[in-house]
Structure formats: structure tokens, C-alpha cells
Amino acid sequence: MLNIIWISFFLSAFIFALYQSLYLGNADVWTELVSATFSSSKTAFSICLNLTGILCLWLGLLKIAQTSGITDWLAKALRPLFRKIMPEVPDNSPAMGSIIMNMAANVLGLDNAATPMGLKAMEQLQEINPQKDKASNAQVLFMVINSSAITLIPITILMYRSELGATNPSAVFMPILFATSASTLVGFLSVCLVQRLNIFNRVVLGYLGAFIGFIAVIAWYFNSLPEDTRLSASANCGNFILFAIIVLFICSGLLKKINVYETFIEGAKEGFSIAVRIIPYLVAMLVAIAVLRTSGVLDLIVLGFEKLFSGLGFDTEFVKALPTAIMKPLSGSGARAMMIETMVNYGPNSFPAFVASVVQGSTETTFYVLAVYFGAVKISKVGAALPCALLADLAGISAAIYFSYLFY
């Protein structure tokens, strides 16, 4: 999928540039395209290089959280819920522990830990799956919750906003929390509806009630604030929560009597290698998007959406961030590159950049997640997983746009 998208960017840019040079007389478009390839590749490398320090910081802190048992604690807290929503999975199945650990790691933003746990969970669920080429109900639910990707700490997005010069990098913290919550809730309920799961019992209603109540209280509080203070309040609240989490991780390590400093260093060492690994991916996508914009194709797509929403009577300022939303279900690196390109093109403190950041954090890369997890166990019939996941994506992106207007 990503291969097709990447190639189509260059081919579309070439065809539209031909149109500009032959029919519109803009022969300079070829010079502009070549300049865009060099400048965007340089930008990608600079971003990755400057991200190294922030990556080291957060990977070190997350290593402390993992070693001190915070993920284990979350797993125990979620176990009663998963017994109810995955009734076909036996209590003594090792899959249950892997599923819960995967979810706990996702909530904490531990991507490196979440992926192997998720793949292990899929393999264990496949062992009790009677139809090996078709996803079981438990596998479908597991995948949809994974693809909706509720995350408490959107570290990557905050890092890019900080690196690109946003005045308040954490201003998107609360809008992302609301948007990703909407995505996860819609995805979960849609699967429950399709699978006719009985969610009207004390355990499930208790978890759902606590989750919805938590989000509702926060939403009510921010909605009660004057419009001109919401952005600063979101930034302050986000910064408080982030620093409180840092202190929680460190204190948890102290209570477990681990060497917090050495554990931090161990995790931080991964930061440099990750920064180096993402350079070629970011260069590839930023160059492709740069030629797409320079050729005029991206502007044409945005203009089409702008006319559509304008005709429907909507404010169209958010349309400039839609390329990120379009790319998000298809490619994580592509959506990230779109978000960065929006920040660079319109400014990191602009409304389009704000919306793109919230959209980026609202949901996961659906097609990639389904391909990796189902591909690992050779499942070709995914059932309701894809439509339910795409419905969750739509809910998350719509919520991202709404909460961006509310907070910006």
C-alpha cells in the first residue's frame, strides 16, 4: 500500500508539472521541483537529528515505567473487563495476559513494547481460533481497539511540535485525548453491535461509565472556560499531567528499588538508534509530499475539499490539515510527514498545524495495523475489523476537527 502511495505521489507530480509547463507555460516548475527535493530531504534529516535528545529523554522515562511494573498494574486493572468482552477466550489462556499488556503499553505510549506483545497476542488467539483463515471475534475486537489507539501520552507529536518551534507544544494534549477517546469508544461500540456482545452488565458498564465520566468531566471543565483561555489552559494542563507522569515514573522506580538512573540510561540509548532508523522513511515521504505540493497537486486537492465544505456552509480553515487526515489510515510515516509539512508550510502555531497535530494523534494507521497483525497469523478474512476500524477513524478525525476549533 505504501509503495503504491509513494510512487503515485511522484507520478502525479510529474504529470501535473507537464501540464503546467506545456499548457500553462510555467517552465520553471521543473527547477522548483528539483529544488523541493533537495530542500525537503535536508529538512527531514535536520528534524531527525534534532529529535534525538527528546527521544532519548522519553524512551528513558518509559523504560523506567516498564521496569517498575506500571504496565503490569494496568494489566491487572483491565483484566475483569476483557473477561467480559472476549468471552470465547478462556481465563487461563496466555492470550489474555498478552492482550492486556499490549493495551497497557499502548496507553502509555510504549510502542516498542506494544507491538511484540500485540503480535504475541494474535498468535495466541490464533491457537484457539477454529477457522484459521478468518479472524475470530476476539481478534476483531483486539484489532479495532488497537487501530483506534487511545494513547495517554502523545509523545511523538509533542516532540515534533517542540522541534518545529510551536509556542505551546502541549496545547494539543487535551484535544488529542478527547479525539482519541471518541475514536476508541466508537470502535469498541461498533464491534459490540456487530458481535452482539452483552455490554449491559455491571463490569462493562462500570468501565465504560468511568471512562465516559472521566472524559465528560474534563470536557465540561474546558467548555466552561472562556474561549480565549482554553488554549493556554490546555497547554498548562497538558504540561502538568506530563510532568506529573514523569514524577510518577521516577517514584514508582524508587518504590520498586530499581536503579532509576541506570534504567533511564538503558532506555535512552535506544533514542539515537530510533532517530537514525526513521531518517530514510522521513526523507522518502517528505520529498514525495514536497514534489506533490510544488507541482500543485496537493493544492488542487485541498481546493476541491475547500469548495465542497464551503458550499455546505462550513468554515474551511481546517481543510488545509485534511491531507494528514486522508493519509492517516493508510500510512503512519506518510501522515506524520503530512503533519510536519503542514507545520512547515503554514507555521507551527497556525490553526492548520494545530488541527493536523490533533488528527495525527486521534487514531492509528488502520491499514498498516491490520496488515501487520493479521498478516503475522496468515488471516485473509478480517470480517468486521476493517469497517469498524474505519468508522473509528472517521469518529476520531471528526472529533479532532471539532475539538481543534473548541481549543484553538
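Is at least one residue of segment 327-348 surrounded by fewer than 16 Cβ atoms within 10 Å (Cβ to Cβ), of a type in the set (S, T, N, Q) and touching a residue at least 12 places away in the same chain (Cβ under 8 Å)? The answer is yes, given that some residue of segment 327-348 is surrounded by fewer than 16 Cβ atoms within 10 Å (Cβ to Cβ), of a type in the set (S, T, N, Q) and touching a residue at least 12 places away in the same chain (Cβ under 8 Å). What number goes with the only condition from (1) touching an Asp or Glu at 6+ places or on another chain (Cβ under 7 Å); (2) modelled with pLDDT under 80; (3) among the charged types (D, E, K, R) that K76 does not pass? It is condition (1) that K76 fails.
The rows are residues; the columns are (1) surrounded by 20 or more Cβ atoms within 10 Å (Cβ to Cβ); (2) in contact (Cβ under 8 Å) with a residue 60 or more places away in the chain; (3) out of contact with any helix residue (DSSP H, G or I) (no Cβ under 9 Å at 6 or more places or on another chain).
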| site | (1), (2), (3) |
| --- | --- |
| P175 | yes, yes, no |
| C192 | no, yes, no |
| R196 | no, no, yes |
| W220 | no, no, yes |
| A233 | no, no, no |
| E262 | no, no, yes |
| S273 | no, no, yes |
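Criterion first (modelled with pLDDT of 75 or more, in a helix (DSSP H, G or I) and either crowded, with 22+ Cβ neighbours inside 10 Å or of a type outside the set (D, E) (or both)) does K84 satisfy it? So K84 fits the description; yes. Among the residues making up segment 275-326, a single one is within 21 Å of V359 (Cα to Cα), in contact (Cβ under 8 Å) with a residue 60 or more places away in the chain and assigned to a loop (DSSP other than H, G, I, E, B): D315. When segment 338-386 is filtered for residues that are more than 17 Å from the chain's Cα centre (by Cα) and not in a helix (DSSP H, G or I), the ones remaining, listed by number, are G347, P348, N349, S350, V377, K378, I379, S380, K381, V382, G383, A384. In the set (1) under 30 Å from I258 (Cβ atoms); (2) in contact with an Asp or Glu (Cβ under 7 Å, 6 or more places away or on another chain), L81 fails one condition alone, (2). Determine if segment 25-48 includes at least one residue that is closer than 30 Å to T263 by Cα, of a type in the set (S, T, Y) and part of a helix (DSSP H, G or I). Among the residues of segment 25-48, at least one is closer than 30 Å to T263 by Cα, of a type in the set (S, T, Y) and part of a helix (DSSP H, G or I), which makes the answer yes. Reported count of residues in segment 22-48, each being surrounded by 14 or more Cβ atoms within 10 Å (Cβ to Cβ), of a type outside the set (A, V, I, L, M) and more than 30 Å from R161 (Cα to Cα), is 2.
Applying the condition of being surrounded by 22 or more Cβ atoms within 10 Å (Cβ to Cβ) and of a type in the set (D, E, K, R) to segment 358-408 and asking which residue is modelled with the highest pLDDT yields D393.
The values are calculated or read from the model by the stated rules, or taken from the named source; none is laboratory data. What you are looking at is a predicted structure, and each value in this text was computed from that prediction instead of being measured. Positions of Cβ are backbone-derived with ideal geometry, glycine not excepted, and every protein chain shown enters the neighbour counts.
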